[in-house]
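Each remark here refers to the structure printed beneath this line.
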Amino acid sequence: MIPTSSTEAGLLSASAATVAASATSCGAALESDAAAALPPIISMRGVSKWYGDFRVLDGLALDVHAGEKVILCGPSGSGKSTTIRLLNRLEQHQKGTVTVCGIELTDDNRNIEAIRADVGMVFQHFNLFPHLTVLDNCVLSPMLVKKVPRPEAEARAMAYLERVKIPQLAGQYPGQISGGQKQRVAIARALCMQPKVMLFDEPTSALDPEMVKEVLDTMVSLARDGMTMICVTHEMGFARDVGDRVVFMDEGRIVETDTPQNFFSAPKTERARSFLGQLISH
């Protein structure tokens, strides 16, 4: 039908805009539903672990989806670090199942190698090779594990060192740089493997206070770029700003899980309230 007046033309234009907006909204909703329907990138089911007679993890169940930022917190000895070390087989579980990137972690070395190629880890104490330069620390794993040619590995390493704002340190040795710089090298080294998941085990706890911010800024940048992250940390400001979910652990169990806003403003359990009260008082 050809509009016979400017009024009819305006009504037709408005109707078309409404239909287009509705289609866009429906499309976004479908994409969101599709993302939610995808299997988790990390799944732990009934996971338990013992050191001798001591049960460090007790029936842990946790799912993490692609792009999610999960904060693990809790008192010392609650099993936080053990939990993330299980995810790349630095520790073995005795009961339950751990699946990462669609691969179940077992004693099969092929599975372990495949998962370690996709999961980057940043440790509390850096774990850099002291006899290698910053650049060589970064290129070693891509060359050995993923068979990346050295020129490509070096180009990739320099790109990530640039990203963490320390390209000028490429020729330095770990003993010649600060703690904060070492931790940023460790992050760049992990990124050089182009992982699907990044694990952080209290990455700022060994740093002087003035060095903490530079490491947290790097982690915030990764989070904003959509990296899937699991962070063991007591940096509650970081947890509030970056985390999608806080998982509070105690005695090897998950006691409480909630959004950062809810967890910090109105924790559900007495144990979580006590823990947060101790953090605030210190």
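The values are calculated or read from the model by the stated rules, or taken from the named source; none is laboratory data. Everything numeric in this text was worked out from a predicted model, so none of it was measured. As a convention, Cβ positions derive from the backbone with ideal geometry for all residues, glycine included, and neighbour counts pool all protein chains shown. Note: areas computed on protein heavy atoms with side chains; ligands, DNA, RNA excluded. Shrake-Rupley method; radii C 1.70, N 1.55, O 1.52, S 1.80 Å.
Against the longest principal axis of the chain, how steep is helix 134-145, in degrees 0 to 90 to the nearest 10, with axes from Cα atoms? The answer is roughly 80 degrees. Rolling a 1.4 Å probe over the protein heavy atoms leaves K196 with an accessible area of roughly 110 Å². Between the helical axis of 270-281 and the dominant principal axis of the chain, each derived from Cα atoms, what acute angle in degrees is found, rounded to the nearest 10? For 270-281 against the chain, the angle is about 80 degrees.
Adding -39500 (n - 2.57) for every DSSP H run of four residues or longer, then dividing by how many residues the chain holds, sets the calculated 222 nm ellipticity at -14500 deg cm²/dmol. Sorting M219, M158 by solvent-accessible area of protein heavy atoms yields M158, M219, largest first, with a 1.4 Å probe.
Excluding ligands, DNA and RNA, the accessible surface per residue across the stretch 50-169 is 48 Å² with a 1.4 Å probe.
Using the crude model of +1 on Lys and Arg Cβ and -1 on Asp and Glu Cβ, and no other charge, please compute the dipole size for the stretch 168-282 relative to its Cα centre, in debye to 20.
Values: 12 positive and 15 negative charges, 46 e Å.
Magnitude of the dipole: close to 220 debye.
Here are some pairs, K80/K268; K147/K213; K80/K147; which of them have Cα atoms lying more than 30 Å apart in this structure? Display every interim value, and only then the final one.
Details: K80/K268 20 Å; K147/K213 34 Å; K80/K147 33 Å.
Long pairs (Cα-Cα over 30 Å): K147/K213; K80/K147.
Taking a ≥ b ≥ c as the square roots of the eigenvalues of the Cα gyration tensor, the stretch 40-85 is classed as oblate, since a/c reaches at least 1.5 and a/b does not exceed b/c. Determine the share of the chain's accessible area contributed by carbon and sulfur atoms, expressed in whole percent, with a 1.4 angstrom probe. Summing carbon and sulfur atoms, their accessible area is 54 percent of the total for the chain.
For F264, the accessible surface of its heavy atoms amounts to roughly 40 Å² (probe 1.4 Å, protein chains only, rounded to the nearest 10). Starting from the amide H of I41, placed 1.01 Å from N in the peptide plane, find each other amide H under 5 Å away whose residue is 5 or more places distant or on another chain. For I41, whose amide H was placed from the backbone, the distant partners under 5 Å are V64, H65, A66. Ranked from largest to smallest solvent-accessible area, with a 1.4 Å probe on the protein heavy atoms, E210, E154, E104 come out as E210, E104, E154. DSSP beta bridges confined to the chain are antiparallel in about 55 percent of cases. Considering only the Cα atoms of the chain, their convex hull presents on average a projected area of 22.1 nm². The dipole here belongs to the chain: it is taken about the Cα centre, uses +1 on the Cβ of Lys and Arg and -1 on the Cβ of Asp and Glu, and is about 460 debye.
At a Förster distance of 22 Å, what's the computed FRET efficiency of E251 paired with D53, Cβ-Cβ distance as r, to 0.05?
On the way: r = 15 Å, r/R0 = 0.66.
Step by step, r from the Cβ atoms, then E = 0.90.
Placing unit charges on each Cβ (+1 for Lys and Arg, -1 for Asp and Glu) gives the chain a dipole about its Cα centre, and among S81, L279, Y51 the Cα reaching farthest toward its positive end belongs to Y51.
Round to the nearest 10 and give me the degree value, 0 to 90, for the angle of helix 179-191's Cα axis relative to the longest principal axis of the chain. With rounding to tens, the tilt is 60 degrees. Between S178 and E270, the FRET efficiency from the beta-carbon distance, with R0 = 45 Å, is close to 0.65. In terms of accessible area, using a 1.4 Å probe and ignoring ligands and nucleic acids, D258, D217 rank largest first as D217, D258.
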